[in-house]
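The values are calculated or read from the model by the stated rules, or taken from the named source; none is laboratory data. It should be emphasised that the depicted structure is a prediction, and the values quoted were computed from it without experimental measurement. All Cβ positions, even for glycine, are placed from backbone atoms using ideal geometry, and neighbour counts span all protein chains on display.
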Amino acid sequence: MIRNLLFCTLLSLTYCHQPAAQPSQPTASEHTLRSTAAFPVGAAISPSLLTSKPAYRQTLEREFSGITSENYLKMRFVHPEKDRYDWTGGNTIVDFANQTNKRMHGHALVWHQSVPDWVTQFKGDSLAWEGLIRDHIQTVVKQYKGKIAAWDVVNEAFLDDGTLRPSLWTEHLGPDFVARCFQYARQADPSVKLFYNEYGQEYSAKKLAAVLAMAADFRKRGIPIDGIGLQMHTHIDHPDAQIENAIRQTAATGLLVHISELDVRINQAKAANFVPTDALWQRQKAKFTAIVTAYRTLVPAAQQHGITTWNVSDGDSWIPSFCQCQDFPLPFDKDFKKKPAYEGLLSGLKP
Ligand code: G3I
């Protein structure tokens, strides 16, 4: 007995070691955004963070069922020179989505921003411009056929007053360029879902009306369109009623509805030396609940393309650099810890 004890004691220095108690693993029943939602819950992501930040990747894998390409499928990144496409960043994102069985949403084939220099300097007649945009759209859509489920075909074509935004595209392709971009995308892939994506429908009645009128016009003319994106870059002071109205009216089109770029600012006044308070965290939580509940209850299940936050955590949000201020607009903090806003989003997802 003593010999055995001695033997085991000696051996314990090598083989009898009992593993330390494992840290408590989340229980399988622990709710996550993706396990709670009846529709895809996505995030707009960056390929560099995906490969450089394990916590970023782990949060995406655990919590999200959808992915949007934040920047790397925009023209400036994916088509940097006239005769050169760069699929690197897009492939990293698309491969991650496909390998982790998340719905991939491509952003954005045609936009007035993120246009490469070779396009802004392009010289050609209207036929040449038409070929430029058609070739871009069809090359990119065909590249990801079967891997990208939906595209933002055109992004932000309207101004807040409801008029068409003057851009390179209206100048060289004319005011009906949006319709033709949708036709080119459809020709490239008969099954991919085609979205028009916009911001401000919740605060500009004129912009909302313009988007809905365009969608109705497309349906009448047989222009292929499957869905409308409401970006929903909003803040804690924005009235729930206006948000609900935008969602309700968009759902009434019968098209798919995507809250495509959700973030909820708490420092919309861009106050210097801003320090969040618990009261502000609770108001942000309530706003996430209100938005998600409105989407879940006002959009028929068959039209629920899903809700996508723009970026994953406060640490990778675009907002602070955009507003040049301190702000914390997302459900996860810079260390990917769940904030009250996470609980707000989660409770909005629950029927
Ligand atoms: O990657 C380049 C880097 O190589 C270069 O040195 C640097 C300086 O020029 O630029 C870097 O690219 C930046 C890119 O983000 C990637 O980080 C661009 O400057 C910067 O303008 C770009 O900002 C993006 C912005 O769209 C414009 O494309 C934001 O990250 C992105 O969150 C934002 O997203 C938009 C949606 O597409 C449409 N809806 C509004 C939303 C917020 O503006």
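Just one of the numbered conditions (1) free of Cβ contacts under 8 Å to residues at least 24 places away in the same chain; (2) within 30 Å of D240 (Cβ to Cβ) is not true of K220: (2).
Among what's in segment 247-285 and is touching a Gly at 6+ places or on another chain (Cβ under 6 Å) and hydrophobic (A, V, I, L, M, F, W, C), pick the residue that is farthest from A341 (Cα to Cα).
Per the criteria, the residue is L255.
Exactly one residue out of A44, A38 is of a type outside the set (F, W, Y), over 30 Å from W111 (Cα atoms), modelled with pLDDT of 95 or more and surrounded by 11 or more Cβ atoms within 10 Å (Cβ to Cβ): that is A38. For segment 270-293, which residues satisfy the criterion of being in contact with a strand residue (DSSP E or B) (Cβ under 9 Å, 6 or more places away or on another chain) and not basic (K, R)? Residues satisfying the conditions are Q284, F288, I291, V292. Could you grab me the full set of residues in segment 308-328 that are assigned to a loop (DSSP other than H, G, I, E, B), of a type outside the set (D, E) and within 11 Å of the ligand (Cβ to nearest atom)? W310, N311, S317, W318 - these are the residues of segment 308-328 that are assigned to a loop (DSSP other than H, G, I, E, B), of a type outside the set (D, E) and within 11 Å of the ligand (Cβ to nearest atom).
Out of N155, N101, report the one residue that is surrounded by fewer than 21 Cβ atoms within 10 Å (Cβ to Cβ) and either modelled with pLDDT of 95 or more or more than 24 Å from the chain's Cα centre (by Cα) (or both).
After ruling out the rest, the residue left standing is N101.
Inside segment 233-257, residues that are in a helix (DSSP H, G or I) and farther than 24 Å from A216 by Cα make up a count of 1. A Cβ distance below 8 Å, combined with a sequence gap of six or more or placement on separate chains, defines the contacts here; from segment 123-138, residues that are closer than 17 Å to P175 by Cβ reach residues that are of a type in the set (A, V, I, L, M, F, W, C) and surrounded by fewer than 18 Cβ atoms within 10 Å (Cβ to Cβ) in the pairs W129/F122. Every test in (1) over 18 Å from E202 (Cβ atoms); (2) surrounded by fewer than 18 Cβ atoms within 10 Å (Cβ to Cβ); (3) more than 18 Å from the chain's Cα centre (by Cα) is passed by K285 save one, and that test is (2). The test for being surrounded by fewer than 16 Cβ atoms within 10 Å (Cβ to Cβ) and either within 15 Å of the ligand (Cβ to nearest atom) or aliphatic (A, V, I, L, M) (or both) does not hold for R221. Screening segment 258-269 for residues that are farther than 26 Å from R180 by Cα and part of a strand (DSSP E or B) and picking the one that is farthest from the ligand (Cβ to nearest atom) gives V264.
Residues of segment 321-345 that are crowded, with 23+ Cβ neighbours inside 10 Å and closer than 15 Å to G42 by Cα: L330, P331, F332, L345.
In segment 224-235, the residue that is nearest to the ligand (Cβ to nearest atom) out of those that are buried (at least 22 other Cβ atoms within 10 Å of the Cβ) and of a type outside the set (G, A, S) is Q231.
State whether the residues of segment 118-131 include one that is surrounded by 18 or more Cβ atoms within 10 Å (Cβ to Cβ) and within 26 Å of G306 (Cα to Cα). Spell out the reasoning first.
First, pick out the residues of segment 118-131 that are surrounded by 18 or more Cβ atoms within 10 Å (Cβ to Cβ): 119, 129.
Going one step further and asking which of them are within 26 Å of G306 (Cα to Cα), we end up with none.
No: zero hits.
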